[in-house]
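Here the structure comes first, spelled out in C-alpha cells, and everything after it is commentary.
The values are calculated or read from the model by the stated rules, or taken from the named source; none is laboratory data. Predicted model, so just to flag it, every value in this text is computed and none were measured. Here the Cβ positions follow ideal geometry from the backbone for every residue, glycine too, while neighbour counts run over all protein chains shown.
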Amino acid sequence: MRSNLSLVWVAPDRPVNSSPSAERARKSGNGHHTRQSTILVVEDELLIRLAISDYLRDCGYRVLEAANANDAQQILRADEPVEVLFSDIDLGPGMNGFALARWVRQEYPAVRIVLTSGVVRSAEDAAELCDGPFVRKPYSYEMLADQIKQMLARFQRSRG
C-alpha cells in the first residue's frame, strides 16, 4: 500500500517588519533578486527529495520542497523567490512534471527548469521544456549541482 505525504514548509524570506516596497525592489526568477539562488525541488519520493534538497543546501542554495505539482504551484503563487524548478516527471496522482513545467513556463517564464526521471523516453519529451539537460535517474548530486550552477551562470550572463 502506498500512501502520500505532502510536506511543504516555506520559511519567510524577509523579516516581519520589512516593507513590501523594499521587497518589490528585488527582482529575478519569478520576480525576486536574492543573494542566494533558490531552487524548488519537486519530488514525490520523500527520501529522494530530502537527500537532494540537503545536498543542494550544502552547496549554498536556498531550497524549497514540494511533494507534488499542487504544492509547487502553491509555493510559486505565495511569491517565493524561485530561480530554478527541479522536478521529477512522475509525481504520482495529479499533475505530472511535464504539465508543471508547462505551467511554470507560462506563468513564470524567468524560472529555469530542470526535469528528471528514470524513464528514458521522457528525455525526448523534456527537451523542449528544460533550460538545462534532462537529468536521468539515478543521478549524481555533484553533477546536478554543477549543471544548475552552469545554467544559472548562463542565465545571469544573458540578462546582464
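Number of residues in the range 76-86 that are surrounded by fewer than 20 Cβ atoms within 10 Å (Cβ to Cβ) and closer than 18 Å to L50 by Cβ equals 0.
Against the numbered list (1) surrounded by fewer than 19 Cβ atoms within 10 Å (Cβ to Cβ); (2) at pLDDT below 95; (3) within 15 Å of T38 (Cα to Cα), A123 comes up short only at (3). Residues of the range 126-160 that are surrounded by 15 or more Cβ atoms within 10 Å (Cβ to Cβ), without any contact (Cβ under 8 Å) to a residue 40 or more places away in the chain and in a helix (DSSP H, G or I): A126, Q147.
Which residues, counting only those in the range 80-114, are outside any loop (DSSP other than H, G, I, E, B), under 14 Å from M151 (Cβ atoms) and β-branched (V, I, T)? I'd like the intermediate steps shown before the answer.
To start, the set of residues in the range 80-114 that are outside any loop (DSSP other than H, G, I, E, B) comprises 84-88, 97-107, 112-114.
Narrowing the set further to residues that are under 14 Å from M151 (Cβ atoms) leaves 84-86, 112-114.
Listed by number, the residues that qualify are V84, I113, V114.
Screening the range 81-120 for residues that are out of contact with any Asp or Glu (no Cβ under 8 Å at 6 or more places or on another chain) and acidic (D, E) and picking the one that is nearest to F155 (Cα to Cα) gives E83.
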